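Data block below; observations after.
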Amino acid sequence: PKYEADRNRITVYNPETEERKIIAESWDYSPGSIVSSPDAKTLYVTAKEQGHSKIFSIDIDTENIKTLTTDNYVSSVSVLPSGNLLYGSSSMQHPVAPYLLDVSTNDIKALAIEKGLEDKLKSIEFSQPEDIR
């Protein structure tokens, strides 16, 4: 969206009742991508906040919102059959790498990066970017 008033909203449609419900209407962020948990009770949403693209969980019934990731730039979120999330994360110091987020514990595990790339990245002295607030 170009303007604040143009932000995207999340609408859940019930085909049985033909009702539409806007979820988390007062949330200040505009969702980028949305995936549903296997039980369809939680939405996992990416949204930009202070220069980062983060993953948020939204409980469809209570509309409670939790921030699941805080660092880097998240992309390509997928829900696995276990209910955990597989996603890509990049920063100004490394390209996209795969991560696994356990939604029951909020533990994030970096998955393997190709050895040659990992060695090359370790040999580069990157400057430390600063967050803009």
Exercise for the section: Please work out if E49 is out of contact with any helix residue (DSSP H, G or I) (no Cβ under 7 Å at 6 or more places or on another chain), of a type in the set (D, E), closer than 26 Å to N106 by Cα and open to solvent by 30 Å² or more (accessible area, probe 1.4 Å). Expected result: yes
Practice task
Go through the residues of the range 8-22 one by one and say whether even a single one is in contact (Cβ under 8 Å) with a residue 24 or more places away in the chain, crowded, with 16+ Cβ neighbours inside 10 Å and not in a strand (DSSP E or B).
Solution key: no
Problem - Filter result for D39 (among the charged types (D, E, K, R), exposed (fewer than 13 other Cβ atoms within 10 Å of the Cβ) and more than 12 Å from the chain's Cα centre (by Cα)) - result: yes
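Is it the case that the range 24-31 has a residue that's touching a strand residue (DSSP E or B) at 6+ places or on another chain (Cβ under 7 Å), open to solvent by 40 Å² or more (accessible area, probe 1.4 Å), farther than 27 Å from E130 by Cβ and not polar (S, T, N, Q)? So that I can check it myself, show each step before the final result.
Just the residues of the range 24-31 that are touching a strand residue (DSSP E or B) at 6+ places or on another chain (Cβ under 7 Å), to begin with: 24, 27, 29-31.
When the remaining residues are screened for being open to solvent by 40 Å² or more (accessible area, probe 1.4 Å), the result is 29.
Subset that is farther than 27 Å from E130 by Cβ: none.
There is no residue in the range 24-31 that is touching a strand residue (DSSP E or B) at 6+ places or on another chain (Cβ under 7 Å), open to solvent by 40 Å² or more (accessible area, probe 1.4 Å), farther than 27 Å from E130 by Cβ and not polar (S, T, N, Q).
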Completion exercise
Within the range 52-70, of all residues that are assigned to a strand (DSSP E or B) and of a type in the set (S, T, Y), the one surrounded by the fewest Cβ atoms within 10 Å (Cβ to Cβ) is T67
Practice task
Looking at (1) among the polar types (S, T, N, Q); (2) at negative phi; (3) more than 12 Å from the chain's Cα centre (by Cα), find the lone condition where Q50 falls short.
Solution key: (2)
Handout entry: Which numbered condition L86 misses (of (1) over 30 Å from K21 (Cβ atoms); (2) within 15 Å of the chain's Cα centre (by Cα); (3) open to solvent by 40 Å² or more (accessible area, probe 1.4 Å))
Key = (1)
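The values are calculated or read from the model by the stated rules, or taken from the named source; none is laboratory data. The structure displayed is predicted, hence computed values, not measured ones. Neighbour counts are summed over all protein chains in view; Cβ atoms, including those assigned to glycine, are modelled from backbone coordinates with ideal geometry. Please note that ligands, DNA and RNA were not included when accessible areas were found on the heavy atoms of the full protein model with its side chains. Shrake-Rupley method; radii C 1.70, N 1.55, O 1.52, S 1.80 Å.
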